[in-house]
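Quick note: the coordinates plus some simple rules give every number you see, no bench work behind them. Bear in mind the structure is a predicted one, so any value in this text is a computation, not a measurement. Please note: Cβ atoms are built from the backbone with ideal geometry, for glycine as well, and neighbour counts cover all protein chains shown.
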Amino acid sequence: MKSEINISDPDGFYSSLIDLHEGLSTDESLIVNAKLILMMANEIGDRSILDEMLAFLRNPSEDQSR
Amino acid sequence: MSAKYGELGQARGAGRSLQAVYPFVEPPDLQTGETRHCPVVIAGGGPIGLATAIDLDRHGIPSIVLEKHDSVSDGSRAICWSKRTLEILDRLGTGQRMLNKGVTWNVGKVYHGDRPDPIYTFDLLADKAQKFPAFINLQQYYAEEYLIESLAGHPAVDLRWHSEVVAVETSPERVTVTVTTPAGDYQLTCDYLIAADGHRSPVRHMLDLDFEGRVFEDNFLIADVKMKADFPAERRFWFDPVFNPGKTALLHKQADDVWRIDFQLGWDIDREAELDQKTVDARVRALIGGDIEFDYEWISLYTFQCRRMKNFVHGRIIFAGDSAHLVSPFGARGANGGLQDVDNLVWKLALVLEGKAPPDLLDSYDQERVYGADENILNSSRSTDFMTPKSDISTAFRDAALELAKDFAFARMFVNSGRLSVPCTLDQSVLNEPDTEDFSAKQRPGSPCLDAPIMLNGSESWFLNQLGDCFTGVLFSDATGSITDEMRALEDWDIPVRAVIVKPDNGSPSGGAIIDSQAYLHSHYDARPGTYYLIRPDQHVAARWRAFDRTKVERALSRATGHST
Ligand SMILES: Cc1cc2nc3c(=O)[nH]c(=O)nc-3n(C[C@H](O)[C@H](O)[C@H](O)COP(=O)(O)OP(=O)(O)OC[C@H]3O[C@@H](n4cnc5c(N)ncnc54)[C@H](O)[C@@H]3O)c2cc1C
């Protein structure tokens, strides 16, 4: 899992991400986010990277690698 | 007599009126007052108990089956029988009959919302050219009736109706079983008691043992409906259909124009109201349309559990089938899992009873089938979690996967309407001789043997029919090869290893050689001339080598029979 930025124009991407949810209710946003996660997870593909992310999010304090 | 699990549902309409009822026959034990000893007593005459008794007889072990009711299963239970189950039942003698009567299917379709086209279609028969299809659908009572009828050819099986096991007592040497019948109580003793007494398992309770695992808070209405409809025989599953908004539904064809309809209801329901005829009528009508005439065979309400006992072997009492493990039905892993228990257990029990293997061999039943049960529970739990999301976020992921599925192939792989029963590959079993040579993983030690069409003595036949009941040594040779004297000698061992030879299409069929006429075997088994497989009595691979070596076979056989690890 990368700790340095890997996206060009991070500010631009960040605001596109927020724009994606414009006008959506929280429930709708929940589904859009879920779709995005599934799409990105499939794009990453590598289970060890995905598992590393899940493990970090489940227990951030235990992770000292960063 | 009341229904077996009467509180779950009831027969309705003309449905099935001619369910066989079997008479109580007063056993000699009651008159003589003597306590008879039988090597094996089986508590429960459901599919698992019956199959166990038949398989034991194939190994020359007599048994007494005690069944508290006087008939076979009611409606609305198992309908989907897997390829592996049919292969096991073929060995036991009823597979072909099941196939002839059942509705064959390989394809499942998943629908979402009001879209008329499926979002996802799956074909469960990965390897074609098999004797049996991925699945047939057949009412459970037929499966049981066929087993019961086949007992005519198994006089050593003593099936006793109206005979309820009410107490068990164990000592290091034997089990004593107390039986209640309409004509009074009596006792039997046995070396081993097989508890095949279903999910409530009175025997489990008598031993103060428990189930571990999860109970799902959801209710399903199951209606078995008799109608002439031209819906396809495929398994059709809906998420959020217009006729059951926000919930799931399933439609699946059975024999005799009976259709299984399954509606998810949710957890907070009024059971009585849901079983009201008008309510059920309305649900069924909404699915099948307005003009088809139909009648009910059975209606019931179910909640589901995915649980198992911690261990299946408790000294001389061994649990198999629903008494040992329970799953939600969406993977059709209940009876299909239970029959793999039988397949796994009986040859081991026979060797132990004959004194040819140590009782420790039975620990491998525990290990292998707990592993199999966990696989079934894992798959069934995941399906149930997808269908019945436990939180808003898991609902969101479910809906996201369903919506993405119409545009992206990858998302279809997340859609889970039940991962249907596949035979368990017994990876990590202590009985396996690990590979030391270069082989493809497909038929690795622990895996169930894959079938293939063959030619035998000039006629078409199937590979799996050449395996089973005892150990088999399969030599793959070139066109001119033959079974060596050393291989032949294994047939006379204490635990015999039947010698079998497989030759390519241009090989000579003399001496009962198996001709791999369509080359499937060579490909499935990654075989080259000289390759030798040691196959267990339950048609699982024990070991394989690129060349036959007597010492290695001896070692693998002793490992596979619990003598050494
Ligand atoms: C809605 C539904 C759908 C299902 N669909 C499928 C499917 O498609 N495919 C599949 O493989 N499985 C399916 N199953 C599961 C399947 O029905 C069971 O796994 C199967 O019946 C288990 O067989 P068994 O012999 O272990 O237990 P049972 O069939 O329950 O038999 C146990 C027997 O023991 C008897 N008994 C109980 N107590 C005693 C006692 N004290 N003394 C003597 N006898 C006793 C009972 O009367 C009964 O006959 C489904 C189940 C349900 C509920």
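Averaged over peptide A:29-42, the number of partner chain Cβ atoms lying within 10 Å of each residue's Cβ comes to 5.
Of the DSSP H helices in chain A, those with a Cα length along their own long axis of 18 Å or more and a mean Kyte-Doolittle hydropathy reaching -0.5 comprise A:26-44.
Here the label points at A:D27 and B:D407, each 7 Å from Cα along the C-beta direction, are separated by 2.2 nm in the simple model.
Seen from B:H37, the other residues with C-beta closer than 9 Å to its C-beta sum to a net charge of +1, counting Lys and Arg as +1 and Asp and Glu as -1.
Here's the picture: a label point sits 7 Å out from the Cα of A:L50 along the beta-carbon direction, and within region B:410-426 the residues with their amide nitrogen under 17 Å of it are B:410-417. Each Lys and Arg adds +1 at its Cβ and each Asp and Glu adds -1 at its Cβ; summed about the Cα centre, region B:205-250 shows a dipole of about 420 debye. For region B:293-333, the relative contact order comes to 41 percent (Cα pairs under 8 Å, sequence separation of at least 6). The modelled label-to-label distance for the pair B:W267/B:D494, using points 7 Å beyond Cα in the direction of Cβ, is 5.6 nm.
Can you tell me how region B:446-485 classifies by the Cα gyration tensor, rounded, prolate or oblate, using a/c under 1.5 as the rounded cut? Here region B:446-485 falls in the oblate category.
Work through the residues other than B:I222 whose Cβ is under 10 Å from its Cβ and net out their charges, Lys, Arg +1 and Asp, Glu -1.
Its environment carries a net charge of 0.
Let a ≥ b ≥ c be the square roots of the eigenvalues of the Cα gyration tensor of region B:48-107; is it rounded (a/c under 1.5), or, if not, prolate (a/b larger than b/c) or oblate? Because a/c hits 1.5 or more and a/b fails to exceed b/c, region B:48-107 counts as oblate. The relative contact order of region B:453-560 comes to 30 percent, based on Cα pairs under 8 Å that sit 6 or more residues apart. All distinct Cα pairs of the protein assembly as shown go into the 1/r average, and the inverse of that average, the Kirkwood radius, is 26.9 Å.
Tell me, what is the FRET efficiency for B:D208 and B:T551 to the nearest 0.05, using R0 = 35 angstrom and their Cβ-Cβ distance as r? Let's see the in-between values first.
Details: r = 47 Å, r/R0 = 1.34.
Once rounded, the FRET efficiency stands at 0.15.
Which residues make up the longest stretch of chain A clear of GluC sites (Glu not before Pro) that lie in a DSSP loop with no more than 14 other Cβ atoms within 10 Å, not counting the sites? Answer - A:23-66. Relative to its Kirkwood radius, the Cα radius of gyration of chain B gives an Rg/Rh of 0.98.
The alpha-carbon of B:K552 sits under 16 angstrom from the alpha-carbon of none of the lysines, leaving out residues fewer than 8 places away in its chain.
Given a cut-off of under 8 Å on Cα pairs at least six residues apart, what relative contact order in percent is computed for chain B?
It rounds to 14 percent for chain B.
Per-residue extension of 0.36 nm, minus the Cα-Cα distance of B:Q96 and B:I393, leaves a gain of 102.2 nm for this segment. Across peptide B:398-411, the average count of Cβ atoms from other chains found within 10 Å of a residue's Cβ is 3. Comparing Cα centroids, region B:442-487 and chain A end up 52 angstrom apart. By the scheme Lys and Arg +1, Asp and Glu -1, what is the net charge of all other residues having a beta-carbon under 14 Å from that of B:D363? Once all neighbours under 14 Å are counted, the net charge is +2. Please report how far the C-alpha centroid of region B:188-239 lies from that of region B:258-281, rounded to the nearest whole angstrom. Region B:188-239 and region B:258-281 have Cα centres spaced 18 Å from each other. Centroid-to-centroid, using Cα positions, region B:23-41 and region B:293-366 are 26 Å apart. Loop-resident GluC sites (Glu not before Pro) (DSSP state other than H, G, I, E or B) in region B:260-359 with no more than 13 further Cβ atoms inside 10 Å of their Cβ: B:E293. The packing ranking of peptides B:484-496, B:451-463, highest mean first, is B:451-463, B:484-496, where packing means the average number of other beta carbon atoms within 10 angstrom of each residue. Within straight-line reach of B:K503, meaning a Cα separation under 15 Å, sit the following aspartates and glutamates at least 8 residues removed in sequence or on another chain: B:E460, B:D478, B:D516, B:D526.
Between A:E4 and B:V25, what's the calculated FRET efficiency when r is the beta-carbon distance and R0 is 51 Å? Round to 0.05. About 0.05, to the nearest 0.05. What does the C-alpha gyration tensor say about the overall shape of region B:383-515? Classify as rounded when a/c is under 1.5, otherwise prolate if a/b is larger than b/c, or oblate. Prolate shape, in that a/c is at least 1.5 and a/b is the bigger ratio. In a solvent-free Debye calculation with one equal scatterer on each Cα, what is log10 I(q)/I(0) for region B:15-161 at q = 0.15, 0.17 Å⁻¹, listed in the order of the q values? Normalising to I(0) and taking log10 leaves -0.84, -1.00. Ellipticity at 222 nm from helices only: DSSP H runs of n ≥ 4 in chain B, each -39500 (n - 2.57), divided by the residue count, give -8000 deg cm²/dmol. Using the average count of surrounding beta-carbon atoms within 10 Å as a protection proxy, the listed peptides B:472-482, B:225-235 rank, highest first, as B:472-482, B:225-235. Only aspartates and glutamates eight or more places from B:K68 in sequence, or on another chain, were considered; those with a Cα closer than 18 Å are B:E7, B:E26, B:D29, B:E144, B:E145, B:D158, B:E164, B:D185, B:D197, B:D322. Selection among B:L361, B:A320, B:Q305 by position relative to the dipole of region B:297-378 gives B:Q305 as farthest towards the positive end (Cβ unit charges, Cα centre). Look at the dipole of chain A built from charges on Cβ: of A:I44, A:Y14, A:V32, the Cα furthest out on the positive end belongs to A:I44.
Label zone of B:A519 (point 7 Å out along Cα→Cβ, amide N under 18 Å): in region B:441-476 this covers B:452-455, B:476.
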